[in-house]
Amino acid sequence: MFINLASATSEALDHLTAACESATFGHGQEDVYDKTYRKAGKMDASNFSANFGPVDSLIRAIESQLVPTQEKKEASIEA
């Protein structure tokens, strides 16, 4: 499932929350889970991937500065 966090629906965020495990925290020498103190979830990196391309993001940032808004449909920067 793909979730765009910038425009996620409540249903999509509920799905993401349900896929998370309870996150423990260190208290002294032990890991504890106390949802009255901290209600947090975690997801191991092996269970998700971020759709982030640093090259594409850099190109879009440069393009936003070099190509005026009214010309965006006619001009773009490609790598």
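The values are calculated or read from the model by the stated rules, or taken from the named source; none is laboratory data. This structure is a prediction, so every number in the text was calculated from the model and none was measured. With ideal geometry, Cβ positions are generated from the backbone for all residues, glycine too; neighbour counts draw on all protein chains shown.
Can you pull out the residues in the range 43-68 that are of a type in the set (A, V, I, L, M, F, W, C) and part of a loop (DSSP other than H, G, I, E, B)? Scanning the range 43-68 gives Met43, Phe48, Ala50, Phe52, Val67. One residue stands out in the range 2-42 among those that are out of contact with any strand residue (DSSP E or B) (no Cβ under 6 Å at 6 or more places or on another chain), in a strand (DSSP E or B) and of a type outside the set (Ser, Thr, Tyr): the one that is modelled with the highest pLDDT, namely Gly41.
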